[in-house]
Structure formats: structure tokens, C-alpha cells
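Notes for the one structure printed next.
The values are calculated or read from the model by the stated rules, or taken from the named source; none is laboratory data. Bear in mind the structure is a predicted one, so any value in this text is a computation, not a measurement. A quick note on method: Cβ atoms are made from the backbone with ideal geometry, for glycine too, and the neighbour counts reach across all protein chains shown.
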Amino acid sequence: MKNICYLVLVALLLAGCSDGSSEPVRAIYHWKTTYNPTDYELQWLRDHRVQRLYLRLFDVDVYDNDDYGNAAPIATTRFLQPLPDDMEIVPVIYITNEAMGRMLGYRVAELIAERVAKMADCNGFELKELQVDCDWTERTRSDYYYFCRSLRECLHEKGVRLSSTVRLHQVDTTLADLPVDGKVLMLYNTGNLRSPHTENSILDDADVKPYLRHIDASMLDSMDFAWPVFGWGVAFNADGRFQRLVPSSAIAADTSAHLREEWGRVEEIQLLQRKLPMRGNHTTILYHLDSLNLSKYTYDEIEEIYSR
């Protein structure tokens, strides 16, 4: 009995010394127009104990449509396999900045909420959260904030929360007023892809550093983080002018005069993870579920990203 009491006392003392932090939730984006994961990708999800899949459902772009105004859903994801039943599914919709300036307010929010709910029902996953991704600018900021306010109202009636992506150029003092339940800081595509002087447009600490002064612990209290696990080539001609983006699968065969190969580097991700005052129970999201890119990273490298 004395031994049992001693063990209980030790456990209570250890709990009292804890800083309250916990391991981040492990998540990944699926950003394809067809859901048909390979065996490698399914095994990868199991090996890394991924708990949440952020699943792109459709885009909203400029389109002549009586219901949505001058914008409408396009490129809807097709499902060729059932979704995993052992992880949370968070649908994501991408809205172009051009469409954001043309949509007809509250009615569009209602239509989108209804469409997402139907897709969740048809594809057998519980709708707990919807995420909106939009590269809004100063010109469309008020449109986006109004849209999020309307969409959150529609979703809350169904008991669903709303989250939003946030790009570095969108981080400022008004971000606290963004009417959503959660935010995801997108820490990739941070540099000038078209410049021949850029070292790595996917993620470079030098590109992120100027924005860090706007980011403090209070701002990050309800924020999650998305990191790049992908690569590509950036092709330039002999004069240093941008030519095209080369998929990672075609880099080896590309014959451009100059090709800059870029990847989301693990050491760069870890450097920024140490700099950002992240809370312990945040979500770490990787972009994105694609075997051609994921196979370039070792098991330990992925675990190092997920563990912080």
C-alpha cells in the first residue's frame, strides 16, 4: 500500500511540474482534383499516425452564374476511393481573389455551406469544420471578412466551425478581427519565384523574417501551421528570365539553360519552428499528400517536423 501511495504522489508531482503542452496534432493536405491515394500514401498516413486530413473539395472562381453572382464552384474533387475512417476529415475550399471581389455576399455563403454539407454526406464523413483558403489582398479584405462572417454564421447553425488560411502578407494587426474559429499560417511559397536571385521560393528564413515582428504569442494562440514537403524546378533562360515551373518528376530530364531546384528543406522548417512561439496543442499540417514528393523525405525527417 505504501508503494502504491508513493507512486501516486510521484505522478501528481510530475503532473504539477508539467508545462501543459502536448504533442501537436498531425495533419496533411490533400490537394488534388481526384481522391485516389496510392498504397504508398495510405501506408505513409499510417506510419506517421496522421490524425487529420485537410481535403480540398472545390475551387470558387470567376464564372457567370445566376446563383453565385459572377463566381461559381469549379474543379470539384472526384472520389475513387472511400475516405479513411480513422482520421478527421476537414474539407477545404479555395476561392480566387478575383472571385472574392465579385460574389454576392450572404447568399453565396449559404450555398457554399449547403454544398459542402451535401458532399460530406455523400462521401461519408462527419462535417465538424470547414476551411477557406483565399489569397485576399487589401482590395478584397473587407469582402473576405464579410464572407467569413456570413459563412461562419451559416456553419454555426449546423454546429460546424470555420477556419481560414493566412499567408504571410496577410499578417497584420487587423488579423485578430478575422471572423473565424481558427487560423492556419501558410509557411510556404514565401519568396519571389520568378526572380533569378531567389535561393528558395518555397521556404526561406530570410523571406519570413520581416513578417515575424508582426507575430506574437497572443496572435498565435489560435493558430496552426502548414509546412512544405514538396519541390519543383524553376526554369530560366540564358538571360535570367523566368520561363516555367517544372514538376519535381521532370527535373532530371529538363534541359533549361538554368534550372533552380527547390524543396521545402527540413532544416529551414525546424529553424522557423524554433522561432515561432507555438502553443503545445497546435496542429502541424504538411502540404501535401503526394508520393512523388513525400518519398524524397526520410521517415525521421517527417517525424522531426511533426514532433514540434
Would you confirm whether or not the stretch 220-228 contains a residue that is assigned to a loop (DSSP other than H, G, I, E, B) and buried (at least 18 other Cβ atoms within 10 Å of the Cβ)? no
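Taking the options D85, D143, name whichever one is of a type in the set (D, E, K, R) and closer than 28 Å to T190 by Cα.
On the way: D85 fails: closer than 28 Å to T190 by Cα.
On inspection, the qualifying residue turns out to be D143.
Enumerate the helices (runs of 4 or more DSSP H) found wholly within the stretch 26-141, keeping only those where 1 or more residues are within 26 Å of K296 (Cα to Cα) and modelled with pLDDT under 95.
Working: elements: 39-47, 97-100, 105-122.
Result: empty, no element qualifies.
Given the criteria hydrophobic (A, V, I, L, M, F, W, C) and over 30 Å from E23 (Cβ atoms), does I251 qualify?
Working: hydrophobic (A, V, I, L, M, F, W, C): yes; over 30 Å from E23 (Cβ atoms): yes.
Answer is yes for this residue.
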Note on the stretch 26-56: residues buried (at least 19 other Cβ atoms within 10 Å of the Cβ) and of a type in the set (V, I, T) are I28, V50
Given (1) in contact with a Ser or Thr (Cβ under 7 Å, 6 or more places away or on another chain); (2) outside the structural domain of Y188 (by TED's automatic domain parsing), number of the condition A238 does not satisfy: (1)
Sort through L162, L185 and tell me the only one that's touching a Pro at 6+ places or on another chain (Cβ under 9 Å), assigned to a strand (DSSP E or B) and within 30 Å of D216 (Cβ to Cβ). L162
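How about the stretch 117-152: which of its residues are among the hydrophobic types (A, V, I, L, M, F, W, C) and more than 18 Å from the chain's Cα centre (by Cα)? It would help to see each step written out before you state the result.
Let us first name the residues in the stretch 117-152 that are among the hydrophobic types (A, V, I, L, M, F, W, C), namely 117, 119-120, 122, 125, 127, 130, 132, 134, 136, 147-148, 151.
Passing the criteria: A117, M119, A120, C122, F125, F147, L151.
If you scan the stretch 196-219, which residues turn out to be closer than 13 Å to E268 by Cα, out of contact with any Pro (no Cβ under 7 Å at 6 or more places or on another chain) and buried (at least 16 other Cβ atoms within 10 Å of the Cβ)?
Residues of the stretch 196-219 that are closer than 13 Å to E268 by Cα, as a first pass: 199-209.
In the following step, the residues that additionally are out of contact with any Pro (no Cβ under 7 Å at 6 or more places or on another chain) were identified as 199-201, 204-209.
Across the stretch 196-219, the qualifying residues are N200, S201, D204, D205, D207, V208.
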How many residues, within the stretch 175-220, are among the hydroxyl-bearing types (S, T, Y) and closer than 23 Å to I93 by Cα? 2
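Report whether or not F147 is more than 27 Å from M219 (Cα to Cα) and among the aromatic types (F, W, Y). It would help to see each step written out before you state the result.
On the way: more than 27 Å from M219 (Cα to Cα): no; among the aromatic types (F, W, Y): yes.
Considered against the rule, which asks whether it is more than 27 Å from M219 (Cα to Cα) and among the aromatic types (F, W, Y), F147 comes out as no.
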Looking across the stretch 192-216 at residues that are of a type in the set (S, T, Y) and part of a loop (DSSP other than H, G, I, E, B), the single one that is nearest to G231 (Cα to Cα) is S201
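Helices (runs of 4 or more DSSP H) wholly in the stretch 249-308 with at least 3 residues that are crowded, with 18+ Cβ neighbours inside 10 Å and touching a residue at least 60 places away in the same chain (Cβ under 8 Å) - which ones? Before you say what the answer is, go through the steps one by one.
Working: elements: 266-275, 291-294, 299-306.
Output list reads 266-275, 299-306.
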